[in-house]
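S.K.: Below you will find the structure I want to go over with you.
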Amino acid sequence: MLLAAAPAAAGTLRVGTVGDYPPFNYIDDAGELTGFDIDIARALCARLEARCLFQRHPWPMLIPELLAGTFDAIVASMSITEERRRVVAFTDRYYSNVSRFVTSKGSDFRPDELAGRIVGALRATIASDWLDEYAAGMATIELYDSQTELLHALARARVDAVFGDMLGLHAWLMGPIGSAFTFVGEGLALDEGIGIAVRQGDEDLRLRINAALRSIIADGTYRRINARYFPFSIY
């Protein structure tokens, strides 16, 4: 199923992402940008008859760069929240997630006893917002600009625990370094799902991306991409 071309889809769709959030968007051993987000974006571009042009930016700069016109859409595992809706428009969700704490195996860290603890999170995320609202004054909150920096701090015991998106943390826990760590506490649903952000004035593009998303879900493309990265559905 091919969709009628939109102005942004007529030739190139410029996509902002990070490239530091495996398995969703990251640089592989061959130096190529890859991951679930990237595969989804390419599948959507195919439906829009557009070429995806990916641009990597630090996470805190994604929304400012989108608003500045640097690219047309953000495909970077961005949570849909009311606060973000005030400045950008979101497509329908393309996957679901919850937020969880991770700490070292054998640690006595408990999410309901944060006093005196040091907790890390990614800057400008729903996780950091939640910590600022519910843990400030009890725990020391350390914010990081990338997932690599965040998990490096945990591995080096610079923080007692990290709080963030479960699926991204799950992938790290399956690796050689992450195997020494574990989830603790229950998952918290802090958003309305993960969506693609566009500028509020780009309603035509948002609707066309939604139609393309419905198309790849209906014909099994989404399911095949999901299976490359997870043994369970994340939709």
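The values are calculated or read from the model by the stated rules, or taken from the named source; none is laboratory data. What you see is a predicted model, and the numbers here were worked out from it, not measured in a lab. When we count neighbours, we look across all protein chains shown, and the Cβ atoms used for this are built from the backbone with ideal geometry, even at glycine. Side chains included, ligands, DNA and RNA excluded: accessible areas come from the protein's heavy atoms. Shrake-Rupley method; radii C 1.70, N 1.55, O 1.52, S 1.80 Å.
S.K.: Evaluate the Debye formula for region 56-126 with equal point scatterers sitting on the alpha carbons, no solvent, and hand back log10 of I(q)/I(0) at q = 0.16, 0.19 Å⁻¹, in q order, two decimals.
M.R.: Here log10 of I(q) over I(0) equals -0.73, -0.89.
S.K.: Still on this model: How would MET78, MET174, MET138 line up by accessible area, probe 1.4 Å, largest first?
M.R.: On the way: MET78 5, MET174 135, MET138 95 Å².
Heavy-atom accessible area, descending, gives MET174, MET138, MET78.
S.K.: Same structure, new question: Where does region 130-227 land on Rg(C-alpha)/(2.2 N^0.38 Å)? Mind dumping the intermediate values first?
M.R.: On the way: Rg = 18.0 Å, N = 98, 2.2 N^0.38 = 12.6 Å.
Here the answer is 1.43, to two decimals.
S.K.: Binning every alpha carbon pair distance of the chain at 5 Å from zero, what are the percents per bin?
M.R.: 1, 7, 14, 18, 19, 16, 11, 7, 4, 2, 1, 0
S.K.: If you take the C-alpha gyration tensor of region 54-172, multiply each eigenvalue by 5 and take the square root, what semi-axes do you get, largest first, in whole Å? Write out the running numbers ahead of the final one.
M.R.: Working: eigenvalues 153, 44, 36 Å².
They are 28, 15, 13 Å, listed from largest to smallest.
S.K.: Right, something else. So how tilted is helix 203-218 from the main axis of the chain? Cα-based, degrees 0 to 90, rounded to 10.
M.R.: Helix 203-218 sits roughly 80 degrees off the main axis of the chain.
S.K.: Turning to a different aspect of this structure: In the chain, once you exclude exposed trypsin sites (Lys or Arg not before Pro) (DSSP loop, at most 14 other Cβ within 10 angstrom), what's the longest stretch remaining? Walk me through the numbers before you get to the answer.
M.R.: Details: sites that count: ARG86, LYS105, ARG156, ARG158.
Between the exposed loop sites, the longest stretch runs 1-85.
S.K.: A further question follows. Per residue, how much accessible surface does region 97-235 expose to a 1.4 Å probe? Answer in Å², no decimals. List each step's numbers first, then the result.
M.R.: Details: 6790 Å² over 139 residues.
Result: 49 Å² per residue.
S.K.: Using the charge dipole of the chain (Lys, Arg: +1 at Cβ; Asp, Glu: -1 at Cβ; taken about the Cα centre), state which of PHE36, ALA115, GLY187 has its Cα farthest towards the positive end.
M.R.: PHE36
S.K.: With both partners inside the chain, how many of the DSSP beta bridges are antiparallel, as a percent to the nearest 5? Could you put the intermediate results ahead of the total?
M.R.: Working: 21 of 37 bridges.
Antiparallel bridges make up about 55 percent of those DSSP assigns within the chain.
S.K.: With only Lys, Arg, Asp and Glu charged, each at its Cβ (+1 for the first two, -1 for the last two), find how big the charge dipole of the chain is about the Cα centre; round to the nearest 20 debye. Numbers along the way, then the final one.
M.R.: Details: 23 positive and 30 negative charges, 113 e Å.
Charge dipole of the chain: 540 debye, to the nearest 20.
S.K.: Additional query: Rounded to the nearest 20 debye, what is the charge dipole size of region 7-94 about its Cα centre when +1 sits on each Lys and Arg Cβ and -1 on each Asp and Glu Cβ? Working shown, then result.
M.R.: On the way: 9 positive and 12 negative charges, 67 e Å.
The dipole magnitude comes to about 320 debye.
S.K.: Name the long-range amide H neighbours of TYR21: under 5 Å, sequence gap of 5 or more, or other chain; modelled H, no Pro or chain starts.
M.R.: Here the answer is TYR26, since their amide H atoms fall under 5 Å of that of TYR21.
S.K.: Could you check what % of the DSSP bridge pairs in region 4-92 are antiparallel, to the nearest 5?
M.R.: On the way: 4 of 12 bridges.
The antiparallel proportion sits near 35 percent.
S.K.: For the chain, what is the calculated [θ] at 222 nm in deg cm²/dmol (nearest 500), taking -39500 (n - 2.57) for each run of four or more DSSP H residues and dividing by its residue count?
M.R.: Numbers: 8 runs with 73 residues, N = 235.
Helix-only estimate at 222 nm: -9000 deg cm²/dmol.
S.K.: Along the Cα→Cβ direction, 7 angstrom out, place labels at ARG223 and ARG123. What is the inter-label distance in nm?
M.R.: Between ARG223 and ARG123, the simple spin-label model gives 4.2 nm.
S.K.: Regarding region 27-74, what whole-number volume in Å³ per residue does the convex hull of its Cα atoms give?
M.R.: Numbers: hull volume 4.1 nm³, N = 48.
Convex hull of Cα atoms, per residue: 86 Å³.
S.K.: With contacts defined as alpha carbon pairs under 8 Å and 6 or more residues apart, what's the relative contact order of region 64-153 in percent? All intermediate terms of the calculation are to be shown ahead of the outcome.
M.R.: Working: 60 pairs, mean separation 19.3, N = 90.
Reported as a whole number, the value is 21 percent.
S.K.: Could you work out what % of the accessible surface of region 55-201 is carbon and sulfur, using a 1.4 angstrom probe and leaving DNA, RNA and ligands out of the count? Write out the running numbers ahead of the final one.
M.R.: Numbers: 3330 of 6650 Å².
The value for region 55-201 is 50 percent carbon and sulfur by accessible area.
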